[in-house]
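The values are calculated or read from the model by the stated rules, or taken from the named source; none is laboratory data. No experiment lies behind these values; they were computed from the predicted model shown. FYI the Cβ positions are ideal-geometry reconstructions off the backbone, even for glycines, and counts take in every protein chain you see. Heads up: the accessible areas ignore ligands, DNA and RNA and are worked out on the full protein's heavy atoms, side chains in. Shrake-Rupley method; radii C 1.70, N 1.55, O 1.52, S 1.80 Å.
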Amino acid sequence: MPVEVAYARPDSQRLIALEVARGTTAEEAIHASGILAECPEVDLAEQAVGIFSLPVGLDTVLSPGDRVEIYRPLQVDPKAQRRDRARAQRARNEGQASGS
């Protein structure tokens, strides 16, 4: 059955199409894709995987057409980043108001 394995680096992405047997797990598809040899920074013990952006376990059995995605760890907490942007925007707005 056809499946895909996807992994994105900050500067490039890989999408590998392959045929696997019915009953293949996400982990088995990742190994079969060769992505671990191509991208040695991938550590399945540390990194999450998903199918079409929904987190799944490595033991999840795939369906035809599934795209297994390997997620990189977040560099910045999105909530903290939004908080920092809001704080900076408030400071800019206050600066404009006092300088008017």
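Of everything in region 1-57 that's among the polar types (S, T, N, Q) and more than 15 Å from Tyr71 (Cα to Cα), which residue is farthest from the chain's Cα centre (by Cα)?
Filtering region 1-57 down to residues among the polar types (S, T, N, Q) leaves 12-13, 24-25, 33, 47, 53.
Narrowing further to those that are more than 15 Å from Tyr71 (Cα to Cα): 24-25, 33.
On the way: Thr24: 21, Thr25: 18, Ser33: 17 Å.
Selected residue: Thr24.
Sort out which residues of region 1-45 are among the acidic types (Asp, Glu) and under 14 Å from Leu58 (Cα atoms), and write them in order of number.
Going residue by residue through region 1-45, those that are among the acidic types (Asp, Glu) are 4, 11, 19, 27-28, 38, 41, 43.
Glu27, Glu28, Asp43, listed by residue number.
Among the residues in region 77-99, are any hydroxyl-bearing (Ser, Thr, Tyr), at pLDDT below 95, exposed (fewer than 11 other Cβ atoms within 10 Å of the Cβ) and outside any helix (DSSP H, G or I)?
Filtering region 77-99 down to residues hydroxyl-bearing (Ser, Thr, Tyr) leaves 98.
Next, from what is left, pick out any that are at pLDDT below 95: 98.
Cutting the leftovers down to exposed (fewer than 11 other Cβ atoms within 10 Å of the Cβ) gives us 98.
Next, from what is left, pick out any that are outside any helix (DSSP H, G or I): none.
Checked region 77-99: no residue is hydroxyl-bearing (Ser, Thr, Tyr), at pLDDT below 95, exposed (fewer than 11 other Cβ atoms within 10 Å of the Cβ) and outside any helix (DSSP H, G or I).
Considering region 1-40 alone, what residues qualify as being assigned to a loop (DSSP other than H, G, I, E, B) and crowded, with 17+ Cβ neighbours inside 10 Å? Steps first, please.
Step one: list which residues in region 1-40 are assigned to a loop (DSSP other than H, G, I, E, B), which gives 1, 9-12, 20-24, 34, 39-40.
Across region 1-40, the qualifying residues are Val20, Thr24.
Could you please tell me which pairs satisfy a Cβ distance under 7 Å, a separation of 6+ or placement on different chains, a first residue in region 41-57 that is of a type outside the set (Gly, Ala, Ser) and open to solvent by 90 Å² or more (accessible area, probe 1.4 Å), and a second residue that is in a strand (DSSP E or B) and modelled with pLDDT of 95 or more?
Here the result reads Phe52/Arg67, each pair linking region 41-57 to a residue that is in a strand (DSSP E or B) and modelled with pLDDT of 95 or more.
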